[in-house]
Amino acid sequence: MEARATLKYARISPRKVKIVLDLIRGQKADKAMAILRFTPKAACEYLEKLLKSAMSNAENNHQMDVSKLYVAECYVGPGPTLKRIRAKDHGRAHRILKRTSHVTLVLRELED
């Protein structure tokens, strides 16, 4: 049995999120929470909230033991890109790409 949580349209680049997801993949849920709390990356704020949500889903919807949970899968994909224009020299325009992310986190119980 597994519990999952998804975050859609997060206003952060998938490349930045992937760095932090690699840190917590395969870790126990409480250790992953500690890693997210003390890692100085912008993505940690989003992922800490997502991990809390997945843990709550596991406990309330699937009656899983929170102390036995681990991060089984976590992945990020690109969401829609917001295109903006910035003025440059000589009357030119430069395109700014504001990227978004769709993040999925899956928790499973450790087998005895």
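FYI, it's all coordinate maths here, none of it is from the lab. This structure is a prediction, so every number in the text was calculated from the model and none was measured. Reconstructed Cβ throughout: ideal geometry from the backbone, glycine too, with neighbour counts over all protein chains shown.
Within the same chain, aspartates and glutamates fewer than 8 places from residue 18 are excluded, and of the rest, those with a Cα less than 19 Å from its Cα are 45, 48, 73.
Here are some values of Cα extents along the principal axes in Å: (i) 64, 25, 21; (ii) 67, 25, 16; (iii) 57, 40, 37. Which one was computed from this structure? Read-out taken from this structure: (ii).
With a cut-off of 18 Å on the backbone N, the residues of the range 70-85 near the modelled label site 7 Å out from residue 6 along Cα-Cβ are 72-81. Please find the FRET efficiency linking residue 75 to residue 37, where r is the Cβ-Cβ separation and R0 is fixed at 35 Å, and quote it to the nearest 0.05. With a Förster radius of 35 Å, E is 0.95. For residue 97 and residue 83, the difference between the fully extended length at 0.36 nm per residue and the C-alpha to C-alpha distance is 4.5 nm.
Suppose only helical runs count, i.e. DSSP H with n ≥ 4. What mean residue ellipticity at 222 nm does that imply for the chain under -39500 (n - 2.57) per run, divided by all residues and rounded to the nearest 500 deg cm²/dmol?
Result for the chain: -11500 deg cm²/dmol, rounded to the nearest 500.
For the chain, relative contact order (Cα pairs under 8 Å, six or more residues apart, normalised by length) works out to 41 percent. Within the shell of other residues whose beta carbon sits under 12 angstrom from the beta carbon of residue 42, the net charge comes to +2, with Lys and Arg scored +1 and Asp and Glu -1. Counting only lysines at least 8 places from residue 83 when in the same chain, those with an alpha carbon closer than 20 Å to its own are 8, 16, 98.
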